[in-house]
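FYI, it's all coordinate maths here, none of it is from the lab. Source: prediction; values computed, not measured. Cβ atoms come from the backbone with ideal geometry, glycine included; neighbour counts cover every protein chain shown.
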Amino acid sequence: MRQWDLGETPATTASALLGVLTNAMAHLGNSRFDQALLDSVHPVLPAASWSVYRTGPLCEPAIFMSASHGVPDTTRDCWRAYLSGPYRSDRTLLNRAHAAGLNHNNTSSQISHITAQEVPPEHRAKVYEAHGVAERVSIVQPQGEGALFAINFYRHQHQRPFDDVQISAVEHLAPALLAMAHKHLDFWMPDAKAAQFTRLLAKLEAINPRLTPRERQVCAGMLQGLTFDGIACQLGLSVTSVKTYRNRAFARLGIHFRNELFALMLAC
């Protein structure tokens, strides 16, 4: 597995590559964007599938977009297989310092390149081998509180391995791809996020009916990967109040840490 920080792209290189994204840009905010993006990058990165998701030990995992090119689309099946077990121990997107517990506050985006042979056995069997995936190159952006936002391109077994030129193209396109992904989600995801928030509230109430509405709202925000500042802004509360509701909710649930909240949700 190779990992490196995202560097500054020379202006001439970026200009030459950005043209491949023109078609995808026209679909920002609509349901065609997922497929248009993958089709657009295919001339410089012949990936058979791609996905954009949030993962990490302290937030609820969520897949935001995915598509396939030239093969049956099994990206959502891969995601369900990932959540069935491999998610809990996945460290393939963490930078080495973070994975070793040396730097939990790293905010630098990185490029990560890994082959199926380097993926842990359960993850490899359930996701990679079961769906014909051979290789992944990812743009990984830390979002705080242990959450990672990842744009992933996958080579399948019938394809030639990604070469250095193709992986370099991902690095050069990374700033534009991150900006486009976030912009698309700004347009496309508010309703989906609201629906997810409602589902989380209902599940928290089922787990412990004694939780107050504010306690459930704060816990749901944490499960969506929001920071205390983000939850405070969303609910119109002070950060101190958010922490107070968090502490009360955790006491009712018999837990002490955010990862225990997420584990409790997964177990139910």
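Brief remarks on what is shown
- Mean projected area of the Cα convex hull of the chain, taken over all directions, amounts to 14.5 nm².
- In range of the label at R210: residues from the range 244-259 whose backbone nitrogen is under 15 Å from the point 7 Å along Cα→Cβ: 247-256
- Helix-derived mean residue ellipticity, 222 nm - over the chain, DSSP H n ≥ 4, -39500 (n - 2.57), to 500: -14000 deg cm²/dmol
- In summary, the lysines within cross-link reach of K203, defined as a Cα separation below 25 angstrom excluding same-chain residues under 8 places away, comprise K193, K243.
- Pairwise Cα inverse-distance average, inverted: Kirkwood Rh of the range 158-210 (Å): 14.7
- Chymotrypsin sites (Phe, Trp or Tyr not before Pro) restricted to the range 204-268 and DSSP loop, no more than 16 other C-beta within 10 Å: F257
- On Cα atoms only, tilt of 213-223 relative to the major axis of the chain in degrees: 30
- Length added when fully stretched, D39-M25, from 0.36 nm per residue minus Cα-Cα: 3.8 nm
- Cβ-Cβ FRET estimate between K193 and W4, R0 fixed at 30 Å, reported to 0.05: 0.45
- The mean sequence distance of close C-alpha pairs (under 8 Å, at least 6 residues apart), as a share of the length of the chain, puts its relative contact order at 21 percent.
- Cβ-defined net charge surrounding L237, 15 Å radius [Lys, Arg +1; Asp, Glu -1]: +3
- Extension gain for K183 to Q157 (0.36 nm times residue separation, less C-alpha to C-alpha distance): 6.2 nm.
- Overall Cα dimensions of the range 191-267 - principal axes, largest extent first, Å: 28, 28, 21
- Three semi-axes describe the equivalent ellipsoid of the range 26-90; taken as square roots of 5 times the Cα gyration tensor eigenvalues and ordered largest first, they are 24, 14, 10 Å.
- By the count of neighbouring beta-carbon atoms within 10 Å, fewest first, S51, S241 end up ordered S241, S51.
- Ranking of W50, W4 by neighbouring Cβ atoms within 10 Å, starting from the fewest: W4, W50.
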